[in-house]
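Structure record follows, encoded as structure tokens.
The values are calculated or read from the model by the stated rules, or taken from the named source; none is laboratory data. What you see is a predicted model, and the numbers here were worked out from it, not measured in a lab. No Cβ is skipped: glycine too gets one built from the backbone with ideal geometry, and neighbour counts run over all protein chains shown.
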Amino acid sequence: MIFESIPLVARAARHDARVALCDPDEYLSYATLLDESAKVAASLLEGRPDLDGAAVAFLTPPGVEYAVVQWGIWRAGGVAVPLCVSHPPPELLHVIDDSRAAMLVAHPTFLPLVAPLAAARGLPLLSTAQLRAHSPALLPRVSPERGALVLYTSGTTGKPKGVLSTHAILAAQIESLASAWEWSEHDRVLHVLPLHHLHGVLNLLCSALWAGACCEFLPRFDAARVLERIGGARELTLFMAVPTIYAKLIDAFDVASETERTAFRAGCRRLRLMVSGSAALPVATLERWREISGHTLLERYGMTEFGMGLGNPLHGERRPGYVGAPFPGVQVRLVDDHGVAVGDGEPGQLQVKSPGTFQCYLHRPDATRDAFTEDGWFKTGDVGAREEGSYRILGRESVDILKTGGYKVSALEIEEVLREHPAIRECAVIGVPDPVWGQRVAAAVVLAPDAALTVESLRDWAKARLAPYKLPSLLRLLPELPKNPMGKVQKPALVAAFEA
């Protein structure tokens, strides 16, 4: 029995025979998704009327079965806690323990991994095959205000925290995306992202199912396979990925045959939208991708705690290095250390308020309280600037904003400048403690193949390029990094340090 109280599930009945999900092993219509998730829900309930918000941790490969289990947990009245397929046992245990999971669900492939964890915690362990073999039963009515999903943050300031969202919060996030990106039942997205992060779960899977579109999974990201699929498909309309994936696709394109390149270019031009997110997109990557695909990647900004907050427009100019304007229903402001609004072009702490903001950090009332201002704005921890109505992200206040010689310096902006050097393929900028400067800005640099770089040439180049950032001179260039325990020289190949 389907109740409209779970917005995402209730919408599925509108689409009935349309294909909802597919992977190399299985196709599922919306009607079958409802049937299969009802079986999962009945099995999880085991005759009980309701899971009453119990957390259910589940580990399945990317594919059809992930969605079936997720929906089954929801329809049984539980809170879905997806586990990462690449995490080792200690990290899985952290999520299981922190979420206070009442039971574990695993695909048969992962049962040997999960079984010792379930035994160690005395938790019931159910296989997905077992769940889907159950007969349907009467399901509970689940209020939109009840907990739906717990996703874990990256843990940049400690162990990952569980971010709890209700069904109503998820619906608000999805509706904002559906409006901004014009999702429709005619869309078909190729899904290659992890399914324990917001990007893969909400932006792709949930948004596609909300619209009545089709979500096509690859079992794992493989650059050559993605090139082949996009090049050979005429039904795909959307592709979303992180900057690293686009970089790997560029590498695969560069070594592909001319026939494969031609097909891929044509396939990209058939897509209506390509999106990048979850990390800063290097301008060089954006420009190279535009040259290959004809698409200016739509860069956006979001967090596990509120979904998508800022995005470049679907229609209109997309400015390299910027993450655009607020999504529908989202308010954004920039303030200084005293909570006072800053003007255009001035850096400020980025704060967000929207109906899609999370309910709480699971079992952490103090952390939840500290994450908000007194007037209800969520403190993202990011520093940004607004110029002509469009925002750019300068970095995490705790990591990427370096304080050197009295100046606040964006590590991300320095990295963007360094990548312009023809000998530098990649770099990472960090702050190291210094008794004079507070922090000294250091950059680890990976050279391009067959490139050479001297301290003198890099110093001269950096003086001109980094002058606007008040980092005019290089102090030193180390020829080699310390060796790791295996005796191999660690990458990056070079380390440069700057003074303020």
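Here are the numbers for the structure shown:
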quantity: Any hit, region 30-44, residues being out of contact with any helix residue (DSSP H, G or I) (no Cβ under 7 Å at 6 or more places or on another chain), in the same structural domain as residue 135 (by TED's automatic domain parsing), surrounded by 18 or more Cβ atoms within 10 Å (Cβ to Cβ) and closer than 21 Å to residue 133 by Cβ; calculated: yes
quantity: Only one of 221, 217 that is of a type in the set (Phe, Trp, Tyr), assigned by TED's automatic domain parsing to the domain that holds residue 292 and surrounded by fewer than 21 Cβ atoms within 10 Å (Cβ to Cβ); calculated: 221
quantity: Some residue of region 394-410 being in contact with a Lys or Arg (Cβ under 7 Å, 6 or more places away or on another chain), at pLDDT 75 or above, over 22 Å from residue 285 (Cα atoms) and not in a loop (DSSP other than H, G, I, E, B); calculated: no
quantity: Tally of residues being within 29 Å of residue 312 (Cβ to Cβ) and not aliphatic (A, V, I, L, M) across region 357-387; calculated: 16
quantity: Count of region 16-40 residues which are touching a residue at least 60 places away in the same chain (Cβ under 8 Å) and over 15 Å from residue 205 (Cβ atoms); calculated: 7
quantity: Members of region 222-239 that are assigned to a strand (DSSP E or B) and of a type outside the set (A, V, I, L, M); calculated: 239
quantity: Any chance residue 146 is of a type in the set (Lys, Arg) and modelled with pLDDT under 95; calculated: no
quantity: Members of region 15-40 that are more than 30 Å from residue 100 (Cβ to Cβ), outside any strand (DSSP E or B) and hydrophobic (A, V, I, L, M, F, W, C); calculated: 17, 31
quantity: Top-ranked residue of region 346-386 - restricted to ones that are surrounded by fewer than 19 Cβ atoms within 10 Å (Cβ to Cβ) and among the hydroxyl-bearing types (Ser, Thr, Tyr), ranked as farthest from the chain's Cα centre (by Cα); calculated: 373
quantity: Qualifying residue in region 36-55 (condition: within 22 Å of residue 220 (Cα to Cα) and among the aliphatic types (A, V, I, L, M)); calculated: no
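Results for (1) crowded, with 18+ Cβ neighbours inside 10 Å; (2) under 26 Å from residue 216 (Cβ atoms), shown as yes or no for each residue.
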{"residue": "89", "(1), (2)": "no, no"}
{"residue": "92", "(1), (2)": "yes, no"}
{"residue": "99", "(1), (2)": "yes, no"}
{"residue": "105", "(1), (2)": "yes, yes"}
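Table: residues versus (1) in contact with a Gly (Cβ under 9 Å, 6 or more places away or on another chain); (2) in the same structural domain as residue 216 (by TED's automatic domain parsing); (3) closer than 29 Å to residue 201 by Cβ.
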site: 238; (1), (2), (3): no, yes, yes
site: 245; (1), (2), (3): no, yes, yes
site: 253; (1), (2), (3): no, yes, yes
site: 263; (1), (2), (3): yes, yes, no
site: 267; (1), (2), (3): yes, yes, yes
site: 270; (1), (2), (3): no, yes, yes
site: 276; (1), (2), (3): no, yes, yes
